[in-house]
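Accompanying notes for the structure given below.
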Amino acid sequence: MTYPASTGQTPRFEIFPWSHHFNTGIEVIDAQHRQLVFLLNQMAEYVIEGASEAELKALIDELADYAQYHFSTEEAIWAQAFAQESSFADHCHIHQEFSRKVLALQAEQASLHCALDDIFGFLTHWLAFHILDSDKRMALTLKAVESGESLPRAKQLAAEEMSGTLSALIDAVLSMYRNLSERTLDLMREKKARGQAEDALRDLESQVLERSQHRYEVLFNSIPDAVFVADILTGQLIGANTQAEAIIGLKLQEIQQLHFTDLHPDSAKAENERHFSELLKHPGEIRVFETQLLHSSGRCIEVEIHAGGRYREGEASAMVALMRDITQRREQAAEKDAALQRLQEAERIAGVGHWHYDWQKDQLQASDEVFRLLESSVETFAGNFQAFVNAIHPEDQNAFTQVFADSLTQSDLIGECEHRVQSATGAVRYVKERFEHQANAAGAVLFTTGTIQDITSSVLYQQKLEYLAFHDSLTALYNRVGISRYLDQRLQAAPQTPLAVVYLDLDNFSEVNNRLGDLCGDELLREVALRLRCFVQDQEGLARPGGDEFVLILERAQEDEHFIQRLEQLLDHLREPYELQGQPHLSQVSAGISFYPQTLEVSADTLIRQADQAMYLAKVQGKNTYAFFDSEHEASRRSWHQRRAEIEVAIAENQFVLYYQPKVNMRTGELLSLEALIRWQHPEKGLLPPGAFLPDIENDSISLALGEWVIAQALNEIASWQTQGVAIKVSVNIGSLQFQSRDFPERLQSLLAACPGVAAEALELEILESSALEDWQLASATMHACLALGVSLSLDDFGTGYSSLSYLKRLPAQTLKIDRAFVQDMLDDPDDLAILEGVVGLANAFRRNVLAEGVETLEQGEMLIQLGCEWAQGYAIAKPMPADQVLPWWEQWLPDASWRRLQPVRRDKLAVLFAIVEHRAWIRRLQVALKQQADWPPMDPTRCRFGQWLAKQSGTTPEEVELLKTLQYQHLNIHQFAAELKAQPQRYAAEEASLYAYRDQLVETLKLYLMNSST
């Protein structure tokens, strides 16, 4: 077949415009290339014109035939110079690949329209790399050979010329193809249509409108929120974007069948109709509100709506609503609110609030708990730092601002302090604050965040404990510990001020008790205290250390005559008659006096002890007089030296022995340890208790030797028990002087090393509370050193000294031993029970063990177990015994059944225990009144403390209700019986056992009520 060099025709649409860059310089080849490009462009035009499948196939056939014609022409030309070159063979191979591709297209069964991208892609790539690279490179080489260059040189020249233009040309062709792929054939048709529309204005406007509508739809559907359009008159939905279809789960055609109210659940329809009506009344307004959208599945979606009218020529044509799904936002807000609520609840329970201060804005924000503590509110609080400071008690503001300022200079920018806050009503609370500042890189403080904790209960509880520790409950004067502390503070504050310590004792007080009874005796003591209060001046101290004894700390001038005159005035005033039971009573007083300062340094305890000794001297001299400590000082000193010498001999001759008293768990029967108690096997006086000799050497160095003997002997006894297969822990008492020795830990370590078979854990040290607190910093260091050796520690006689929370938390004793004085009367004295309950609570708060000393009855043990104190020692368990009796006792020891079945009482049921003691105290007071016919307890059952408690009780179960009825009946019976005895006191002697029976019967019912309400 013969083809023309070129048709000369130009298609109306050129996908591959011809460029002079395509020319090879060989005319016949260039003409054929133009024909190939023409066929390619004609194929594109066919597509645009909508040519049929047959027309396209015919054009591809023509392209295949012409390509074969072109290839044979090219190969004949190139063969003249390159027949033996590999490049010629490669070139022919490219022709063959093209032919195979076109043949494959001709054989394609599928629609050619579907393969257009593939066809155009192949043809453009083939033209780019074949015409522009291979054919042009061959043509340049051929021309160079024809001009006389050798073939290798001709190839080099062709390559150099091709290197600069090949890349740009190929890129241009590929760009054309990308343009084709990106815009698609539909855009080609649009281009054709635009060209045709140049002659038809109507068609042009139609195309412009179509493009505008397309842009509107693109914009409308690109809005990220759901958009619904409703008819302004009917409310019928007439439009929606793709996001609207997604949010409601319906297609546009389905949406257009709905009224706008159909978008919402029934519960929200009325509200949305109201918004629709409001928009009609207020043209131009945009309404924003939250409601629910009904999904096609039936579930409700929380949405935020922005609704308004769409206007055309000033008239509203449609209602447009933009809806945003706020379900997640609502959930996050709800979660945030719940978290805030949980935080506020936790702060309320813990009594802890928090606040945040912005330094630059001077704004202070606080949690609800802070406002509760301050009895304020967000509305009434000024919201700045000064308002926060103003809420602090006026007496504490300076201290707080100082701590706050100091914290700004700390490296960690943290501060902490305790102070009081005062509300507008005057109410005062104790709080603990901790705050931390946040600074920028330059060091400027930007914010401060703090917490405030209500510690009122703890502070008041500590104050109550301290008051009980330092004051006498009968007279409200200092007790022995309190007056000792007071005097010590005076000596520290003014060491040169002359003082006199006066120790008073009522000579005939026991006669009053025996003749008139305890209540009259108590009344006399209160009257004496009242007269003494009137006598002492400011800066002078007054105490009742116990019994019928009183101590005064008086200021004195250097002239003793003036002091003696004042002392005699005091004694005369105390000897004036008292009125007891309507009758006058005369009381005699003996007094002992010690003076300060003295030649040698003396402590507060020493001064009081000196005055005490002088008071006993006054009694020896005939009572109702006074004596000075100095008059018998030398005789007392000589007597002391004699007793000390005897003790030295006793140590040398091994006259001391150890007795052991068990410490047990009363409920489980577990043997906790044995307390080693020293005894003196005196060759003449027999077995002496420690009180007969230890006070004489309490502050003497010989007590150190005796104390080390006790530790060594206890360790030896432990080793002896171990050889018998028994492991027993032993505790030893450490004297004040021994414990305060700075080398005590080293000496203890030596004693432990001397008994290598005994582990340090088998030894416990009992340290007097007063000893530990004389120098608590040294005590803390010593105790930590002992713990490091492995021994355990307990504080002995706890509650009789300065039981301060601040000191207790610094002393690492594992066990607190409650002094026997509180255990003795706890069944009949509510104050002693309160102290016991407080100490147990204190031990629990500080995670300490607690053990009661002096348990002598089963009832005392029962009460202690119910208070939460299961550890005890005392005669109700075992008396102190020699070492050889310990194992036999242990083998047969079993706690009483009443102890074994008891459990600690819940805190909310402690009032029942106090009710038991209150009732017993009332019975005891009744007995005294029956004997003395005076000072009767409340006889009205509704006015006694037990009756008032009982009236407040209400049972929660039928059993409790019945028990309360029984208690009310028994209580009324006791009061009725008491009234009968009061009216006929002569019956009391015969009816005393009945009174006890009534008491015990009610107590047993109370125990049943307690047991029932605790389950």
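The values are calculated or read from the model by the stated rules, or taken from the named source; none is laboratory data. Computed from a predicted structure; not experimentally measured. Ideal geometry is used to build each Cβ from the backbone, glycine not excepted, and the neighbour counts take in all protein chains shown.
Let me confirm something: among Ala399, Ala424, which residue is in a loop (DSSP other than H, G, I, E, B) and either touching a residue at least 12 places away in the same chain (Cβ under 8 Å) or touching a Lys or Arg at 6+ places or on another chain (Cβ under 6 Å) (or both)? First the steps, then the outcome.
Working: Ala399 fails: in a loop (DSSP other than H, G, I, E, B).
So the residue among Ala399, Ala424 that is in a loop (DSSP other than H, G, I, E, B) and either touching a residue at least 12 places away in the same chain (Cβ under 8 Å) or touching a Lys or Arg at 6+ places or on another chain (Cβ under 6 Å) (or both) is Ala424.
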Any residue in region 891-909 that is among the polar types (S, T, N, Q) sitting within a Cβ distance under 8 Å of a residue that is surrounded by 13 or more Cβ atoms within 10 Å (Cβ to Cβ) and in a loop (DSSP other than H, G, I, E, B)? List the pairs, counting only those 6 or more apart or interchain.
Gln903/Arg667
Can you tell me which residue within region 675-688, out of those that are within 14 Å of Ile647 (Cβ to Cβ) and assigned to a strand (DSSP E or B), is modelled with the lowest pLDDT?
Leu688
Mind checking which strands (runs of 3 or more DSSP E) fall wholly inside region 580-633 and carry at least 2 residues that are within 60 Å of the chain's Cα centre (by Cα) and under 27 Å from Arg526 (Cα atoms)?
589-596
Which condition number does Leu373 fail, the rest of (1) under 19 Å from Ile455 (Cβ atoms); (2) not in a helix (DSSP H, G or I) being met?
(2)
Can you report the number of residues in region 724-747 which are among the basic types (Lys, Arg) and in a helix (DSSP H, G or I)?
1
Hey, does region 689-703 have a residue that's of a type outside the set (Val, Ile, Thr), crowded, with 16+ Cβ neighbours inside 10 Å and modelled with pLDDT of 90 or more?
no
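State the number of residues belonging to region 358-377 that are at negative phi and in contact with a helix residue (DSSP H, G or I) (Cβ under 7 Å, 6 or more places away or on another chain). Spell out how you get there, then give the answer.
In the first step, residues of region 358-377 are kept if they are at negative phi; the result is 358-361, 363-374, 376-377.
If we keep only those that are in contact with a helix residue (DSSP H, G or I) (Cβ under 7 Å, 6 or more places away or on another chain) too, we end up with 364, 367-369, 377.
Residues that pass the stated criteria total 5.
Could we say that Leu519 is surrounded by 15 or more Cβ atoms within 10 Å (Cβ to Cβ), over 24 Å from Leu617 (Cα atoms) and either touching a helix residue (DSSP H, G or I) at 6+ places or on another chain (Cβ under 9 Å) or among the aromatic types (Phe, Trp, Tyr) (or both) here?
yes
Conditions tested, residue by residue: (1) over 15 Å from Asp135 (Cβ atoms); (2) of a type in the set (A, V, I, L, M, F, W, C); (3) assigned by TED's automatic domain parsing to the domain that holds Glu149.
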residue: Ala44; (1), (2), (3): yes, yes, yes
residue: Tyr66; (1), (2), (3): yes, no, yes
residue: Phe82; (1), (2), (3): no, yes, yes
residue: Ile94; (1), (2), (3): no, yes, yes
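Does region 373-389 hold any residues that are more than 17 Å from Trp359 (Cα to Cα), surrounded by fewer than 17 Cβ atoms within 10 Å (Cβ to Cβ) and of a type outside the set (Val, Ile, Thr), and which are they?
From region 373-389, those more than 17 Å from Trp359 (Cα to Cα) are 373-381; that's our starting set.
Those left that are additionally surrounded by fewer than 17 Cβ atoms within 10 Å (Cβ to Cβ): 375, 377-380.
If the condition is that a residue be more than 17 Å from Trp359 (Cα to Cα), surrounded by fewer than 17 Cβ atoms within 10 Å (Cβ to Cβ) and of a type outside the set (Val, Ile, Thr), then Glu375, Ser377, Glu379 are the ones that fit.
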Inspect region 144-151 for any residue being within 21 Å of Trp18 (Cα to Cα) and at pLDDT 80 or above and give the result as yes or no.
no
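Select, from Leu542, Leu567, Leu571, the only residue that is more than 30 Å from Gln927 (Cβ to Cβ), in contact with a Phe, Trp or Tyr (Cβ under 8 Å, 6 or more places away or on another chain) and surrounded by 20 or more Cβ atoms within 10 Å (Cβ to Cβ).
Values: Leu567 fails: surrounded by 20 or more Cβ atoms within 10 Å (Cβ to Cβ); Leu571 fails: surrounded by 20 or more Cβ atoms within 10 Å (Cβ to Cβ).
Exactly one of Leu542, Leu567, Leu571 is more than 30 Å from Gln927 (Cβ to Cβ), in contact with a Phe, Trp or Tyr (Cβ under 8 Å, 6 or more places away or on another chain) and surrounded by 20 or more Cβ atoms within 10 Å (Cβ to Cβ), namely Leu542.
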Filter region 816-856 down to the residues that are out of contact with any Gly (no Cβ under 7 Å at 6 or more places or on another chain) and under 22 Å from Trp890 (Cβ atoms), then identify the one that is surrounded by the fewest Cβ atoms within 10 Å (Cβ to Cβ).
Asn849
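If only one of Phe535, Phe563 is in contact (Cβ under 8 Å) with a residue 24 or more places away in the chain and within 21 Å of Gln610 (Cα to Cα), which one is it? Write out each step before concluding.
Numbers: Phe535 fails: within 21 Å of Gln610 (Cα to Cα).
Result: Phe563 is the single residue among Phe535, Phe563 that is in contact (Cβ under 8 Å) with a residue 24 or more places away in the chain and within 21 Å of Gln610 (Cα to Cα).
Conditions tested, residue by residue: (1) touching a residue at least 60 places away in the same chain (Cβ under 8 Å); (2) assigned to a strand (DSSP E or B); (3) not charged (D, E, K, R).
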{"site": "Val657", "(1), (2), (3)": "yes, yes, yes"}
{"site": "Ser673", "(1), (2), (3)": "yes, yes, yes"}
{"site": "Val710", "(1), (2), (3)": "no, no, yes"}
{"site": "Ala719", "(1), (2), (3)": "no, no, yes"}
{"site": "Gln722", "(1), (2), (3)": "no, no, yes"}
{"site": "Glu761", "(1), (2), (3)": "no, no, no"}
For region 50-79, how many residues are of a type outside the set (A, V, I, L, M), without any contact (Cβ under 8 Å) to a residue 12 or more places away in the chain and either part of a helix (DSSP H, G or I) or surrounded by 13 or more Cβ atoms within 10 Å (Cβ to Cβ) (or both)?
2
